[in-house]
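Here the structure comes first, spelled out in structure tokens, and everything after it is commentary.
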Amino acid sequence: MVKHYRPTGKKKEGNAARYITRSQAVKQLQVSLPLFRKLCILKGIFPREPKKKTKGNHHTYYHLKDVSFIQHEPLLERLREIRAYQHKIKKAEAKKNRDRATLLTQRRPSYKLDKIVLQRYPKFLDALRDLDDCLTMVHLFAALPAIEGRIKVKHIHNCRRLAHEWQAYISRTHRLRKVFVSVKGIYYQAEVKGQEVTWLVPHPLQQVLTDDIDFNIMLNFLEFYEALLAFANCHLYHSINVKYPPILDPRLEAVAADLYALSRYFDANSQSSAWDRQTPSLSGSAKVESQQIGPSIDESEVRLAQLQHQLPSNEPGVLMHLVGDVPGEDKEDNDTRECKKLFKDMKFFLNREVYRESLLFIILAFGGIVSWQGDGAPFEEDDASITHQIIDRPRHDGKICGRQYVQPQWVYDCVNARIILPTGDYLVGRDLPPHLSPFDDNDYLEITERGKAAGINEVLPLPGMEREDLEDPLKLLAEGVINRAEAEAAKEKRKKMKAHEKQYHHELIMEIQGVTHSSSISNINNLSADREEPHHDYEQVDEDNRIMSELQWSRRFKGRIKAMRISKQRKKQRADVIRQRRRILEEHEV
């Protein structure tokens, strides 16, 4: 059989067959460019960088399999139907048929992203690994104002609800690990199911939005992230036997106490589940009657709402203490037990000027009881059981005895150090210590050691002195911590310290014996002169230390050091020759 002749260049091979440009992909899918971007964001498809760009470097390339993956997506057909439906609405509005336009708007089709979330994250741990950007985006839009034509109100409310549900779960299970207040916002890190999740929450300031921001792309990401976070919250709530979505107290929602309302929901739901376990099972006739009533009324939700309203609004133990052990909850590790007991038996009160949501979230996550100044607070400021009051400006009225007034940074530093730090450096009006990042272990080591030492009452050097002043300078010189000059200075300082100590003890003895001060001075000088420390040869110690360090060097490193020393010696010899010639010339001129 004779083969057909194929002209050259008709069959594509290599990169030309595997990658296509964005314009070719849009033409193949028969969609607009914004719709193509939205599909790529929802499906998790990103541009590629082929080794050889057949169409030039100024094009954006996509893999052909990714484009085929979008082409067979059912969501694509659904979006086409929605676009056609939008044309019907526009046509009715153009013909000024308002009744038909209103009817079509009410019956507008919608779509869900459930299957796409399941396709992208087959396992729940995969979703947890990808929650960092999701939580950051949701918390960002929760703090933005609604703008007509750009950001809708429903997006803002939905983001606030999802963010508070996530924070309520973290505080309920005590999974928060690190907090850092930066210029960009507040960084949080939690450990959920063995995965570290880090997100950024902006400061509660008025946001000014500029016109150079493309909110369409951000809203496409937000649409997927809302679905992802809703699924994650649902799975996490069911893992601790809590129903989702939560039913909140409308009184607390009205005063913007959503996180506090969620904590009450946990209490009420746990009491409801305990009551369900204690009640016997329904008989056959009762089951038939319940089936005849129909699904119009959910008894569990009604009972849950009743329990939530039955909780007294002025009892902090019922409201703020989350239920201890719930069947089906994950076993607590050492970090969780440590975080759960950090603020135990402490009662906080937040003044109006501090950031309420952040401190409420952190204190609850570490086992404390908290209230605030405003509507919906569980207890008032004059409560005698309050141990700490968080304030950020001087108080003009009198302070309550037995209560510590600290600045908000004390809470963050205690959380990062995992101990209760002394409140002396955090009082109102004092210069605060540096707030270092717990994500950088090297920078945070200093404040952690200082805080732990203060927490266990360890003896630290006096102000103006170093820790090395308490140690032997000869030992520090041998270990290479200080050089010979610093060792000599440390030796003199140590001698003076010992002389002052002897003088202090000797004066106490003289005072007990009734000896006058003038007669005791000569005895002190003689005592200090007789008991001088033996002189140490610091030069020999330094030389021995250098020889011991050179024995550990490799042959190549020794060769480099030797070459450097020879080069320095030659430069020194040349400089000496030039100085000698200059000296001779000056003598001849004179």
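Summary table
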item: Rounded to the nearest 10 Å², the accessible area of Ile400 at probe 1.4 Å; result: 70
item: Per-pair calculated FRET efficiency, R0 = 30 Å: Leu118 and His87 via Cβ, rounded to 0.05; result: 0.45
item: Per residue, in Å², the accessible surface of segment 160-249 once ligands and nucleic acids are set aside, probe 1.4 Å; result: 41
item: Heavy-atom accessible area order for Cys401, Cys134, Cys234, largest first, 1.4 Å probe; result: Cys401, Cys234, Cys134
item: Interchain or long-range residues, amide H under 5 Å from Tyr61's placed H; result: Arg48
item: Where Val26, Val415, Val577 fall by accessible area, highest first, once all protein chains stay in place (1.4 Å); result: Val577, Val26, Val415
item: Per-residue ³J(HN,Hα) for segment 221-227, Karplus 6.51 cos²θ - 1.76 cosθ + 1.60, θ = phi - 60°, Hz, x for Gly and Pro; result: 5, 5, 4, 6, 5, 5, 5
item: Euclidean distance between Cα centres, segment 98-113 to segment 39-60, Å; result: 36
item: 3J(HN,Hα) from dihedral phi, segment 72-86, Karplus parametrisation 6.51/-1.76/1.60, rounded to Hz, x for glycine, proline; result: 9, 7, x, 5, 5, 5, 5, 5, 5, 5, 5, 5, 5, 5, 5
item: Amide proton proximity set for Trp372, modelled H, under 5 Å, gap of 5+; result: Leu350, Phe379
item: Heavy atoms of Asp392: accessible area, 1.4 Å probe, square angstrom to 10; result: 80
item: Linear extension gain, Tyr244 paired with Leu432, 0.36 nm per residue minus alpha-carbon span; result: 63.5 nm
item: Where labels lie 7 Å past Cα in the beta-carbon direction, separation of Arg80 and Ser110 in nm; result: 2.4
item: Extended-chain gain in nm, criterion 0.36 nm per residue less alpha-carbon gap, Glu223 and Leu125; result: 33.2 nm
item: Added length on full extension, which subtracts the Cα-Cα distance from 0.36 nm per residue, Gln71 to Glu550; result: 165.6 nm
item: Heavy-atom accessible area ranking, 1.4 Å probe, most first, across Thr136, Thr102; result: Thr102, Thr136
item: Paramagnetic label zone (point 7 Å from Cα along Cα-to-C-beta, His235; backbone N under 20 Å) in segment 159-180; result: 162-176
item: Point-to-point label distance, Asp335-Glu148, nm (Cα→Cβ direction, 7 Å offset); result: 4.8
item: Estimated FRET transfer efficiency (Asp392, Glu587; beta-carbon r; R0 51 Å; 0.05); result: 0.10
item: Relative contact order [Cα under 8 Å, 6+ residues apart], segment 22-140, whole percent; result: 21
item: Residues Lys493 and Val577, FRET efficiency given R0 of 51 Å [Cβ-Cβ distance, rounded to 0.05]; result: 0.75
item: For Met346, distant residues with modelled amide H under 5 Å away; result: Ile369
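The values are calculated or read from the model by the stated rules, or taken from the named source; none is laboratory data. Note that the coordinates shown come from a computational prediction; the quantities given were computed from them, not determined experimentally. Cβ sites come from the backbone with ideal geometry, for glycine too, and all protein chains shown count toward neighbours. What goes into the accessible areas is simple: the full protein's heavy atoms, side chains included, and nothing from ligands, DNA or RNA. Shrake-Rupley method; radii C 1.70, N 1.55, O 1.52, S 1.80 Å.
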